[in-house]
Amino acid sequence: MRHYGYLVVEGPHDIEFSYRLLSPYGLTRVQLLKDLDPVFERIVPSTFPHAGDLQKRVPVPLFLQSATHAIAVHSAVGDSQLIRTLEQNVGQLDDDAISSIGILLDADQQTPTTRYANLRGDMAAKGLALDATPGQITTGKPRLGAFVLPDNRNQGTLEDLLLESAQAIYPGLLASAQEHVNRALLDTGLTGEDVADVKKPAGRNKAIIGAMASILRPGKAVQTSLQDNRWLRAQALAIPRIAAVQAFLAALFELPRVP
(Lines give C-alpha, C1' and ligand atoms only; values in the text may rest on other atoms or scores of the structure.)
Protein backbone atom coordinates (compact mmCIF):
# COMPACT_ATOMS: atom_id res chain seq x y z
CA MET A 1 0.00 0.00 0.00
CA ARG A 2 1.31 3.42 -0.93
CA HIS A 3 2.11 6.25 1.45
CA TYR A 4 0.25 9.35 0.20
CA GLY A 5 1.60 12.84 0.79
CA TYR A 6 0.58 16.38 -0.05
CA LEU A 7 3.04 19.29 -0.15
CA VAL A 8 2.06 22.90 -0.79
CA VAL A 9 4.72 25.42 -1.84
CA GLU A 10 4.72 29.07 -2.86
CA GLY A 11 5.56 28.92 -6.57
CA PRO A 12 6.93 27.06 -9.60
CA HIS A 13 10.58 27.33 -8.52
CA ASP A 14 9.70 25.67 -5.22
CA ILE A 15 7.97 22.87 -7.11
CA GLU A 16 11.12 22.06 -9.08
CA PHE A 17 13.25 22.43 -5.95
CA SER A 18 11.03 19.88 -4.19
CA TYR A 19 11.13 17.55 -7.19
CA ARG A 20 14.93 17.54 -7.29
CA LEU A 21 15.11 16.77 -3.55
CA LEU A 22 12.54 13.97 -3.77
CA SER A 23 13.66 12.31 -7.01
CA PRO A 24 16.70 10.52 -5.48
CA TYR A 25 14.22 8.45 -3.47
CA GLY A 26 12.90 6.87 -6.65
CA LEU A 27 9.96 9.24 -7.12
CA THR A 28 9.29 10.14 -10.75
CA ARG A 29 6.96 12.59 -12.46
CA VAL A 30 3.55 11.41 -13.59
CA GLN A 31 2.86 12.77 -17.06
CA LEU A 32 -0.21 10.86 -18.17
CA LEU A 33 -3.53 10.85 -16.35
CA LYS A 34 -3.89 7.12 -16.92
CA ASP A 35 -0.76 6.55 -14.81
CA LEU A 36 -1.91 8.71 -11.89
CA ASP A 37 -2.85 6.97 -8.65
CA PRO A 38 -6.66 7.17 -8.36
CA VAL A 39 -6.39 8.74 -4.90
CA PHE A 40 -5.17 11.98 -6.52
CA GLU A 41 -7.62 12.12 -9.43
CA ARG A 42 -9.96 14.31 -7.36
CA ILE A 43 -7.52 17.24 -7.35
CA VAL A 44 -6.86 17.23 -11.09
CA PRO A 45 -8.73 20.27 -12.51
CA SER A 46 -11.47 19.12 -14.83
CA THR A 47 -12.59 22.40 -16.42
CA PHE A 48 -11.08 25.14 -18.56
CA PRO A 49 -10.72 28.05 -18.29
CA HIS A 50 -9.92 27.78 -14.59
CA ALA A 51 -12.22 30.04 -12.55
CA GLY A 52 -13.37 31.55 -15.84
CA ASP A 53 -10.01 33.25 -16.41
CA LEU A 54 -8.59 32.62 -19.89
CA GLN A 55 -5.16 33.95 -18.87
CA LYS A 56 -4.80 31.87 -15.71
CA ARG A 57 -2.63 28.78 -15.69
CA VAL A 58 -4.56 25.63 -14.82
CA PRO A 59 -3.33 24.74 -11.30
CA VAL A 60 -2.33 21.12 -11.83
CA PRO A 61 -0.08 19.79 -9.05
CA LEU A 62 3.16 18.01 -9.80
CA PHE A 63 2.50 14.34 -9.07
CA LEU A 64 5.40 12.11 -8.07
CA GLN A 65 5.12 8.36 -7.67
CA SER A 66 7.15 5.30 -6.79
CA ALA A 67 6.18 1.77 -5.83
CA THR A 68 5.80 2.86 -2.20
CA HIS A 69 4.82 6.55 -2.36
CA ALA A 70 2.61 9.03 -4.19
CA ILE A 71 3.09 12.74 -3.48
CA ALA A 72 1.28 15.77 -4.87
CA VAL A 73 3.30 19.02 -4.88
CA HIS A 74 1.03 22.01 -5.31
CA SER A 75 1.94 25.63 -5.99
CA ALA A 76 -0.15 28.16 -4.08
CA VAL A 77 1.03 30.95 -6.43
CA GLY A 78 1.96 33.26 -3.57
CA ASP A 79 2.44 33.02 0.16
CA SER A 80 -1.01 34.39 0.99
CA GLN A 81 -2.68 31.39 -0.67
CA LEU A 82 -0.85 28.58 1.16
CA ILE A 83 -3.60 27.71 3.63
CA ARG A 84 -6.39 28.23 1.12
CA THR A 85 -4.70 25.92 -1.42
CA LEU A 86 -4.08 23.28 1.23
CA GLU A 87 -7.63 23.45 2.57
CA GLN A 88 -9.30 23.35 -0.85
CA ASN A 89 -7.33 20.40 -2.14
CA VAL A 90 -6.81 18.25 0.94
CA GLY A 91 -10.53 18.66 1.59
CA GLN A 92 -11.23 16.85 -1.67
CA LEU A 93 -9.03 13.88 -0.79
CA ASP A 94 -9.92 10.84 1.26
CA ASP A 95 -9.09 11.68 4.90
CA ASP A 96 -7.98 8.11 5.52
CA ALA A 97 -5.64 8.06 2.52
CA ILE A 98 -3.36 11.04 3.14
CA SER A 99 -0.54 10.11 5.49
CA SER A 100 1.51 13.35 5.41
CA ILE A 101 0.88 17.04 4.78
CA GLY A 102 3.68 19.59 4.48
CA ILE A 103 4.37 23.21 3.60
CA LEU A 104 7.49 24.94 2.25
CA LEU A 105 7.48 28.72 2.62
CA ASP A 106 9.92 31.61 2.41
CA ALA A 107 10.89 34.17 5.04
CA ASP A 108 11.57 37.14 2.78
CA GLN A 109 9.29 39.73 4.41
CA GLN A 110 9.31 38.47 8.00
CA THR A 111 11.62 36.56 10.30
CA PRO A 112 11.24 32.76 10.18
CA THR A 113 9.96 32.82 13.77
CA THR A 114 7.17 35.26 12.91
CA ARG A 115 6.36 33.57 9.63
CA TYR A 116 6.08 30.17 11.25
CA ALA A 117 4.06 31.44 14.21
CA ASN A 118 1.52 33.00 11.84
CA LEU A 119 1.32 29.83 9.77
CA ARG A 120 0.98 27.68 12.89
CA GLY A 121 -1.94 29.81 14.06
CA ASP A 122 -3.65 29.59 10.66
CA MET A 123 -3.18 25.82 10.59
CA ALA A 124 -4.54 25.44 14.12
CA ALA A 125 -7.67 27.30 13.05
CA LYS A 126 -8.18 24.52 10.48
CA GLY A 127 -7.66 21.80 13.07
CA LEU A 128 -4.09 21.00 11.99
CA ALA A 129 -1.51 21.16 14.79
CA LEU A 130 2.03 21.98 13.71
CA ASP A 131 4.92 21.41 16.09
CA ALA A 132 6.09 24.45 18.05
CA THR A 133 9.43 24.34 16.21
CA PRO A 134 9.72 24.87 12.43
CA GLY A 135 11.10 21.91 10.55
CA GLN A 136 9.87 19.39 13.12
CA ILE A 137 7.29 16.73 12.31
CA THR A 138 4.05 16.23 14.21
CA THR A 139 3.39 12.50 14.11
CA GLY A 140 -0.06 11.03 13.80
CA LYS A 141 -2.55 10.80 10.98
CA PRO A 142 -1.69 12.84 9.09
CA ARG A 143 1.93 13.65 9.81
CA LEU A 144 2.40 17.43 9.64
CA GLY A 145 5.37 19.70 9.09
CA ALA A 146 6.43 23.06 7.70
CA PHE A 147 9.90 24.27 6.72
CA VAL A 148 10.69 27.99 6.48
CA LEU A 149 13.29 28.54 3.78
CA PRO A 150 16.16 28.96 3.72
CA ASP A 151 16.93 27.24 7.05
CA ASN A 152 14.19 27.91 9.65
CA ARG A 153 16.51 30.43 11.35
CA ASN A 154 17.60 33.15 8.94
CA GLN A 155 15.48 35.49 6.88
CA GLY A 156 15.65 34.74 3.16
CA THR A 157 14.21 32.71 0.31
CA LEU A 158 14.79 29.68 -1.90
CA GLU A 159 17.19 31.80 -3.95
CA ASP A 160 19.64 31.87 -1.04
CA LEU A 161 19.91 28.09 -1.31
CA LEU A 162 20.22 28.20 -5.08
CA LEU A 163 23.08 30.70 -4.80
CA GLU A 164 24.88 28.35 -2.40
CA SER A 165 24.44 25.60 -4.98
CA ALA A 166 25.65 27.91 -7.75
CA GLN A 167 28.81 28.72 -5.79
CA ALA A 168 29.62 25.01 -5.67
CA ILE A 169 28.38 23.89 -9.10
CA TYR A 170 28.64 26.93 -11.38
CA PRO A 171 31.14 29.33 -9.73
CA GLY A 172 32.28 30.99 -12.96
CA LEU A 173 28.76 31.48 -14.29
CA LEU A 174 27.68 32.82 -10.90
CA ALA A 175 30.42 35.44 -10.90
CA SER A 176 29.49 36.50 -14.42
CA ALA A 177 25.79 36.77 -13.52
CA GLN A 178 26.55 38.81 -10.40
CA GLU A 179 28.64 41.25 -12.43
CA HIS A 180 25.91 41.53 -15.04
CA VAL A 181 23.24 42.35 -12.45
CA ASN A 182 25.50 44.81 -10.61
CA ARG A 183 26.31 46.65 -13.84
CA ALA A 184 22.64 46.74 -14.83
CA LEU A 185 21.73 48.40 -11.53
CA LEU A 186 24.22 51.19 -12.32
CA ASP A 187 22.64 51.83 -15.73
CA THR A 188 21.31 55.40 -15.61
CA GLY A 189 19.11 54.63 -18.61
CA LEU A 190 16.87 52.42 -16.48
CA THR A 191 13.95 54.06 -14.71
CA GLY A 192 12.77 53.37 -11.18
CA GLU A 193 9.93 51.37 -12.67
CA ASP A 194 12.38 49.29 -14.71
CA VAL A 195 14.32 48.18 -11.63
CA ALA A 196 11.50 48.12 -9.08
CA ASP A 197 11.36 44.34 -8.89
CA VAL A 198 15.10 43.80 -8.69
CA LYS A 199 15.27 46.22 -5.75
CA LYS A 200 12.79 44.19 -3.71
CA PRO A 201 14.27 42.20 -0.78
CA ALA A 202 14.96 39.07 -2.84
CA GLY A 203 15.01 40.80 -6.21
CA ARG A 204 18.76 40.89 -6.78
CA ASN A 205 19.13 37.19 -5.95
CA LYS A 206 16.26 36.32 -8.28
CA ALA A 207 17.87 38.38 -11.06
CA ILE A 208 21.19 36.57 -10.64
CA ILE A 209 19.50 33.15 -10.75
CA GLY A 210 17.52 34.26 -13.80
CA ALA A 211 20.67 35.45 -15.57
CA MET A 212 22.33 32.09 -14.95
CA ALA A 213 19.28 30.17 -16.15
CA SER A 214 19.20 32.22 -19.36
CA ILE A 215 22.62 30.76 -20.24
CA LEU A 216 21.87 27.22 -19.12
CA ARG A 217 18.46 27.09 -20.80
CA PRO A 218 18.11 30.10 -23.16
CA GLY A 219 14.58 31.34 -23.60
CA LYS A 220 13.17 29.07 -20.92
CA ALA A 221 11.95 29.66 -17.38
CA VAL A 222 14.14 29.27 -14.29
CA GLN A 223 12.16 26.22 -13.19
CA THR A 224 13.15 24.47 -16.43
CA SER A 225 16.81 24.98 -15.58
CA LEU A 226 16.24 23.70 -12.03
CA GLN A 227 14.69 20.58 -13.49
CA ASP A 228 17.23 19.97 -16.25
CA ASN A 229 20.56 21.31 -15.01
CA ARG A 230 22.91 20.50 -12.12
CA TRP A 231 21.62 22.98 -9.53
CA LEU A 232 20.32 20.28 -7.20
CA ARG A 233 22.16 17.11 -8.03
CA ALA A 234 25.11 15.14 -6.67
CA GLN A 235 27.39 17.40 -4.59
CA ALA A 236 24.75 20.15 -4.36
CA LEU A 237 22.62 17.85 -2.21
CA ALA A 238 25.44 17.67 0.32
CA ILE A 239 25.35 21.44 0.97
CA PRO A 240 24.18 21.59 4.61
CA ARG A 241 21.18 23.88 4.23
CA ILE A 242 19.93 22.04 1.13
CA ALA A 243 20.49 18.69 2.82
CA ALA A 244 18.41 19.91 5.77
CA VAL A 245 15.38 20.55 3.55
CA GLN A 246 15.80 17.14 1.92
CA ALA A 247 16.01 15.49 5.35
CA PHE A 248 12.82 17.29 6.39
CA LEU A 249 10.94 16.00 3.33
CA ALA A 250 12.28 12.47 3.83
CA ALA A 251 11.10 12.46 7.45
CA LEU A 252 7.74 14.03 6.63
CA PHE A 253 6.90 11.50 3.93
CA GLU A 254 8.68 8.55 5.59
CA LEU A 255 10.75 7.88 2.51
CA PRO A 256 12.32 4.45 2.55
CA ARG A 257 16.01 5.15 2.01
CA VAL A 258 18.65 7.83 2.23
CA PRO A 259 19.98 8.95 -1.18
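The values are calculated or read from the model by the stated rules, or taken from the named source; none is laboratory data. Predicted, not measured: the structure shown is a model, and the values here were computed from it. Here the Cβ positions follow ideal geometry from the backbone for every residue, glycine too, while neighbour counts run over all protein chains shown.
Descriptive notes on the structure:
- In the condition set (1) modelled with pLDDT of 90 or more; (2) closer than 28 Å to Asn205 by Cα; (3) not polar (S, T, N, Q), Pro59 is compliant with all but (1).
- Residues of region 1-52 satisfying the condition of being in contact with a Lys or Arg (Cβ under 7 Å, 6 or more places away or on another chain), assigned to a loop (DSSP other than H, G, I, E, B) and closer than 14 Å to Thr68 by Cα: Asp37
- Close Cβ contacts (under 9 Å, 6 or more residues apart or on different chains) running from residues in region 127-140 that are among the β-branched types (Val, Ile, Thr) to residues that are part of a loop (DSSP other than H, G, I, E, B) and surrounded by 10 or more Cβ atoms within 10 Å (Cβ to Cβ) comprise Thr133/Asn152; Ile137/Asp131; Thr138/Leu128; Thr138/Ala129; Thr138/Leu130; Thr138/Asp131.
- When the criteria are applied in full, Ile209 fails the requirement of being part of a helix (DSSP H, G or I), within 20 Å of the chain's Cα centre (by Cα), assigned by TED's automatic domain parsing to the domain that holds Lys141 and aliphatic (A, V, I, L, M).
- Qualifying helices (runs of 4 or more DSSP H) (wholly inside region 74-182; at least 2 residues being over 30 Å from Arg42 (Cα atoms)): 112-125, 158-169
- When Lys56 is tested against the conditions (1) free of Cβ contacts under 8 Å to residues at least 24 places away in the same chain; (2) within 29 Å of Pro24 (Cβ to Cβ); (3) in a loop (DSSP other than H, G, I, E, B), the lone failure is (2).
- Some residue of region 199-213 being over 29 Å from Gly102 (Cα atoms) and modelled with pLDDT under 95: yes
- The residues of region 199-218 that are in contact (Cβ under 8 Å) with a residue 12 or more places away in the chain, in contact with an Asp or Glu (Cβ under 7 Å, 6 or more places away or on another chain) and not hydrophobic (A, V, I, L, M, F, W, C), listed by number, are Pro201, Asn205, Lys206, Arg217.
- Subset of region 90-134 [polar (S, T, N, Q), at pLDDT 90 or above and closer than 17 Å to Tyr4 by Cα]: Ser99, Ser100
- Every pair of residues 6+ apart whose Cβ atoms lie under 6 Å, when the first sits in region 227-242 and is surrounded by 13 or more Cβ atoms within 10 Å (Cβ to Cβ) while the second is outside any helix (DSSP H, G or I): Arg241/Pro150; Arg241/Asp151
- The single condition among (1) in contact (Cβ under 8 Å) with a residue 24 or more places away in the chain; (2) within 17 Å of Gly11 (Cβ to Cβ) that Leu36 does not satisfy is (2).
- Annotation note: Cβ proximity below 8 Å between a residue of region 181-198 that is surrounded by 10 or more Cβ atoms within 10 Å (Cβ to Cβ) and a residue that is of a type in the set (Ser, Thr, Tyr) (sequence gap 6+ or interchain) occurs for no pair.
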